[in-house]
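This report refers to the structure that appears directly beneath it.
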Amino acid sequence: MAFPIVPLRSSFMVTSIVGFFVSIYFVMSLSKTWGFTFTLFFVMMFAASLISMTYAPVAEKPSKRE
């Protein structure tokens, strides 16, 4: 069973990158367990955004009417 791949917004990738760095620099110093968990979560988000960019179908651009 193949799962459909949908295009994700660019803010999804930005959120994953910012969340990764916040998890590494701030959360890791407070709790190693939560820091690792959040870091893993944001890495999975980043991987999902890369898969979405690579395999999602490209929508056709509407033609300009002149």
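The values are calculated or read from the model by the stated rules, or taken from the named source; none is laboratory data. The shown structure was predicted, so the numbers you read here are calculated from the model rather than taken from an experiment. Cβ: placed from backbone, ideal geometry, glycine included. Neighbour counts: every protein chain shown.
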Subset of the range 1-34 [among the aromatic types (Phe, Trp, Tyr) and in contact (Cβ under 8 Å) with a residue 12 or more places away in the chain]: 12, 20
Residue 42 being surrounded by fewer than 11 Cβ atoms within 10 Å (Cβ to Cβ) and among the aromatic types (Phe, Trp, Tyr): no
Residue tally, condition assigned to a helix (DSSP H, G or I) and either surrounded by fewer than 11 Cβ atoms within 10 Å (Cβ to Cβ) or at pLDDT below 80 (or both), over the range 1-23: 2
